[in-house]
Amino acid sequence: MSGDKARPEPAPRIKRFYQRAEAAPLEGGFGVLLDGRPARTPLKTQLTVPHEVLGAELAGEWQAQDPDIETPTMPLTRLANTAIDGVARERDGVIESMAAYAGSDLICYRASAPEGLVSRQAECWDPIVRWAEKATATRLTLTAGLVAVEQSPDLIPAIARLIADHDDLALAALAMTTTMSGSVLMALALSRRAINADAAWAAAHVDEDWQISQWGEDAEAARRRAGLYRDFLAAARVLDLCRA
């Protein structure tokens with residue numbers, strides 16, 4: 001037997017099984033018809049979203065699949081599935097777990113050197129700190145290094161209230177941006193339009209971008225980052241539509 005670790009087998013490909021995907025008003029919102037039949041989530045719930053524009057964009061994702069259905073290229077559909085099959089069933093738990101990020105949020109932990117990185121963190125993160133302090137009526141404690149610092153006991157409850165002010169779809173998008181960045185404060189600033197998607201992406205990747213500027217980036221890392229960027233923009237799009 002070989003000593004090499006077994007590699008996981010790739011997910012089986014699903015052949016496109018429909019001729020036409022089109023957006024349509026459905027009970028509970030807007031969805032996608034596949035040859036006249038409503039598309040469904042992995043748990044067999046009807047795929048619907050509350051916004052007509054988003055319904056059309058979902059249909060565009062389904063129509064673009066050819067010859068196989070490749071879910072990594074369908075970030076809006078995956079977000080909608082998460083909202084319907086996951087967030088809607090565990091909403092309170094999602095809010096609680098996201099609010100907990102505020103206790104050790106990325107943007108509160110700063111580098112002490114080199115000077116260029118310190119400056120870039122301040123440039124990207126300080127506007128979010130100012131917004132968060134105003135939005136939560138608390139003062140954030142910042143630190144240089146990885147030693148844990150305590151935040152105001154009022155911070156997490158205030159953050160939880162801001163998170164709860166999102167419907168299930170927006171909450172799924174907020175959760176994605178939070179876990180991708182390590183910062184619920186950044187995700188909320190994006191949702192509240194205190195920063196735009198480009199500023200949020202930059203804030204989430206300050207350290208990584210600094211390393212790339214110093215040492216370069218290999219092709220595999222670049223491909224992975226491109227996929228993450230696609231997902232991030234989809235989440236930002238959902239947040240923007242939900243605030244329209």
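Go through Asp66, Asp35 for me and flag whichever is modelled with pLDDT of 95 or more and over 22 Å from the mean Cα position of the chain (by Cα). Quick ask: steps written out before the conclusion?
Values: Asp66 fails: modelled with pLDDT of 95 or more.
Result: Asp35 is the single residue among Asp66, Asp35 that is modelled with pLDDT of 95 or more and over 22 Å from the mean Cα position of the chain (by Cα).
For segment 181-197, how many residues are in contact (Cβ under 8 Å) with a residue 60 or more places away in the chain, in a helix (DSSP H, G or I) and surrounded by fewer than 24 Cβ atoms within 10 Å (Cβ to Cβ)?
1
Which condition does Trp125 not pass, out of (1) surrounded by fewer than 20 Cβ atoms within 10 Å (Cβ to Cβ); (2) over 17 Å from the mean Cα position of the chain (by Cα), if it passes all the others?
It is condition (1) that Trp125 fails.
Is it the case that segment 168-180 has a residue that's under 19 Å from Met98 (Cβ atoms) and without any contact (Cβ under 8 Å) to a residue 40 or more places away in the chain? If you could, list the steps in order and put the result at the bottom.
Restricting attention to segment 168-180, the residues satisfying the condition of being under 19 Å from Met98 (Cβ atoms) are 168-180.
Pick out the ones that are also without any contact (Cβ under 8 Å) to a residue 40 or more places away in the chain and you get 179.
Yes: one or more hits.
Hey, Thr136 hits all of (1) closer than 20 Å to Phe232 by Cα; (2) crowded, with 19+ Cβ neighbours inside 10 Å but one; which does it fall short on?
Exception for Thr136: condition (1).
Identify, from the list Gln19, Gln65, the residue that is in a loop (DSSP other than H, G, I, E, B) and free of Cβ contacts under 8 Å to residues at least 24 places away in the same chain. Let's see the steps before the verdict.
Numbers: Gln65 fails: free of Cβ contacts under 8 Å to residues at least 24 places away in the same chain.
Selected residue: Gln19, the only one of Gln19, Gln65 that is in a loop (DSSP other than H, G, I, E, B) and free of Cβ contacts under 8 Å to residues at least 24 places away in the same chain.
Looking at segment 203-220 only, could you name the residues that are surrounded by 16 or more Cβ atoms within 10 Å (Cβ to Cβ), in a helix (DSSP H, G or I) and over 13 Å from the mean Cα position of the chain (by Cα)? Give the derivation first.
Taking segment 203-220 first, the residues surrounded by 16 or more Cβ atoms within 10 Å (Cβ to Cβ) are 203-206, 209-210.
Next, from what is left, pick out any that are in a helix (DSSP H, G or I): 203-204, 206, 209-210.
Hits for segment 203-220 are Ala203, Val206, Asp209, Trp210.
With the checklist (1) in contact with a helix residue (DSSP H, G or I) (Cβ under 9 Å, 6 or more places away or on another chain); (2) at pLDDT 95 or above; (3) of a type in the set (Ser, Thr, Tyr) in hand, flag the one item Ser112 doesn't pass.
Single failed check for Ser112: (2).
Determine the pairs where a residue that is under 22 Å from Arg139 (Cα atoms), located within segment 108-121, has a partner that is among the charged types (D, E, K, R) and surrounded by 15 or more Cβ atoms within 10 Å (Cβ to Cβ) with Cβ atoms under 6 Å apart, the partner being 6 or more residues away or on another chain.
Close Cβ pairs (under 6 Å, with a partner that is among the charged types (D, E, K, R) and surrounded by 15 or more Cβ atoms within 10 Å (Cβ to Cβ)) amount to Gln121/Arg110.
So which residues in segment 91-122 are among the aliphatic types (A, V, I, L, M), assigned to a loop (DSSP other than H, G, I, E, B) and surrounded by 15 or more Cβ atoms within 10 Å (Cβ to Cβ)?
Keep residues of segment 91-122 that are among the aliphatic types (A, V, I, L, M), which gives 94-95, 98-100, 102, 106-107, 111, 113, 117-118, 122.
Narrowing the set further to residues that are assigned to a loop (DSSP other than H, G, I, E, B) leaves 111, 113.
Passing the criteria: only Ala111.
Find the residue count for segment 136-150, including only residues that are more than 22 Å from Asp165 (Cα to Cα) and not charged (D, E, K, R). Walk me through how you get there before you give the answer.
Kept after step one, since they are more than 22 Å from Asp165 (Cα to Cα), are these residues of segment 136-150: 141-150.
Filter once more, so that each one left must be not charged (D, E, K, R): 141-149.
Of the residues in segment 136-150, 9 are more than 22 Å from Asp165 (Cα to Cα) and not charged (D, E, K, R).
Name the single residue, out of those in segment 71-90 being assigned to a loop (DSSP other than H, G, I, E, B) and in contact (Cβ under 8 Å) with a residue 12 or more places away in the chain, that is surrounded by the fewest Cβ atoms within 10 Å (Cβ to Cβ). Walk me through how you get there before you give the answer.
If we filter segment 71-90 for residues that are assigned to a loop (DSSP other than H, G, I, E, B), which is where we start, we get 74, 88-90.
When the remaining residues are screened for being in contact (Cβ under 8 Å) with a residue 12 or more places away in the chain, the result is 74, 88.
Numbers: Met74: 19, Ala88: 16.
Result: Ala88.
For Gln46, state whether it is touching a strand residue (DSSP E or B) at 6+ places or on another chain (Cβ under 6 Å), polar (S, T, N, Q) and free of Cβ contacts under 8 Å to residues at least 40 places away in the same chain.
yes
Which numbered condition trips up Ala23, out of (1) at pLDDT 90 or above; (2) more than 26 Å from the chain's Cα centre (by Cα)?
Only one criterion in (1) at pLDDT 90 or above; (2) more than 26 Å from the chain's Cα centre (by Cα) is unmet by Ala23, namely (2).
The values are calculated or read from the model by the stated rules, or taken from the named source; none is laboratory data. Here the structure is a predicted model, which means the values were calculated and not measured. Reconstructed Cβ throughout: ideal geometry from the backbone, glycine too, with neighbour counts over all protein chains shown.
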